[in-house]
Amino acid sequence: MRFPAPLLFYLFISSSPAAQDLVANGSFEDINICTEYRVECAPEAWISSSNGFANYFKDARRAHSGVNCMAIEAGHFIKPFQRTFLRSRLVCGLRKDSRYRIEFFIRSPHDMLDSTGILFTAVDPLFGKTALNKLTPSLYLHETVAPMKIYDSAWHKVEVLYTATGEERFILFGFFGRNDEVGERAHPLENRYFVFFDDIKMTPVDPNEKLCEGWQQVKEEIYAEDERHSLLEKKISYYKKNPPPPPTVVKTTYTFIDTLVLPDILFATAKADLQPSSFSLLDSFCRKITNKLVDSIIVEGHTDSTGTYQLNEKLSLDRAVAVKNYIFQKTNSPGIIARGWAFLKPATDNKTTEGRRRNRRVEVFLYIRQ
């Protein structure tokens, strides 16, 4: 059977990002309907390197939250070096040298945390030819998590920080021990050494970093990977011999904030009219916007504490609107918001003449996506 390209079936998925999460369905609660048997045999977005049923548990008593959880096989009591991993495609590429927080819950009846780790790859690890015990993960959990013995009865939260290379497309959870696991069985009828995972999240550390454009479509493509069982085995066999190109990725966007402050002298005294002396400053600001991916522009007017709140609120808003209208006329940029704060957000104390002068101002905040 040939697999020239994955067949995509687009689903309707909510377009609201869950806290900028870069992994899809980390709770494993969205269920995949496999192509082969048309049954609920695995979570969406996550594929085990083994049979779809073997590492998927639909049991609220086992899960950390909800109903479902997944597991890797870190070893086998009978078969030497039998291991499986969990892998998913990231919904966005990562920005080089940016830091990302990876959080999840883990448990196991075996003391194996020291060699359990996370590997980021540029190509799909399902089609790799190197055994897990020959690979070095991007990070071992023991490097960032205090040593602990994990027992099957308790879930433990793991939180690690990762600095990106910019080449990441896939995330993999696996057991990377160089030696085979030879511990005792957890149950006399269970030959596999399981490590369970649930509620996986990956988010940028910097709050100004957001999900990339088109992340919803990427999520739909990830959810459309419906091959499991023998169809997945055939797909893996084909692509190991005929490696597909890495998927195209769009990097997360970073919102750069620039600020322009217009002092009181650039307005007519106690009025909202812009003085001609303000035009060159605003024109320079407008030129800066040209060919930029502007996310939004916020214009905020402020006054000193002299006079009533009602008069100051009107004056501060009118001045903000005047600046907003000038920028719009020059750039036709959408999404400009004007606000008037009166004297509620002073830059300094209002007790001195100099302080009151500094408080009478209009601030322009420019948010640019990179």
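The values are calculated or read from the model by the stated rules, or taken from the named source; none is laboratory data. Given the structure is predicted, the values throughout are model-derived calculations rather than measurements. Here Cβ is always computed from backbone atoms with ideal geometry, including for glycine, and neighbour counts include all displayed protein chains.
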Among the residues of segment 316-337, which ones are in contact (Cβ under 8 Å) with a residue 12 or more places away in the chain, of a type in the set (S, T, N, Q) and assigned to a helix (DSSP H, G or I)?
SER316, THR331
If you check THR259 against the conditions, is it among the hydroxyl-bearing types (Ser, Thr, Tyr) and assigned by TED's automatic domain parsing to the domain that holds GLU300?
yes
Among (1) touching a helix residue (DSSP H, G or I) at 6+ places or on another chain (Cβ under 8 Å); (2) outside the structural domain of TRP46 (by TED's automatic domain parsing), there is one condition PRO246 misses while meeting the rest; what is its number?
(1)
Of all the strands (runs of 3 or more DSSP E) wholly in segment 24-77, which have at least 1 residues that are of a type in the set (Gly, Ala, Ser) and assigned by TED's automatic domain parsing to the domain that holds LYS157?
40-43, 68-76
Listed by first then second residue, the pairs whose first member lies in segment 181-197 and is surrounded by 13 or more Cβ atoms within 10 Å (Cβ to Cβ), whose partner is outside any loop (DSSP other than H, G, I, E, B) and among the aliphatic types (A, V, I, L, M), with beta carbons under 6 Å and at least 6 positions apart or on separate chains, are GLU181/ALA74; TYR193/ALA74; PHE194/ALA71; VAL195/ILE72; VAL195/ALA74; PHE196/ALA71; PHE197/MET70; PHE197/ILE106
What are the residues in segment 156-183 that are at pLDDT below 90 and part of a strand (DSSP E or B), if any?
HIS156
How about segment 285-310: which of its residues are part of a helix (DSSP H, G or I) and under 19 Å from ASP264 (Cβ atoms)?
PHE285, TYR309
May I ask you to say which residue of GLU313, GLU354 is free of Cβ contacts under 8 Å to residues at least 24 places away in the same chain, among the charged types (D, E, K, R) and either part of a helix (DSSP H, G or I) or under 14 Å from LEU260 (Cα atoms) (or both)?
GLU354
Give the residues of segment 329-365 that are modelled with pLDDT of 95 or more and among the aromatic types (Phe, Trp, Tyr), sorted by residue number.
TRP341, PHE343
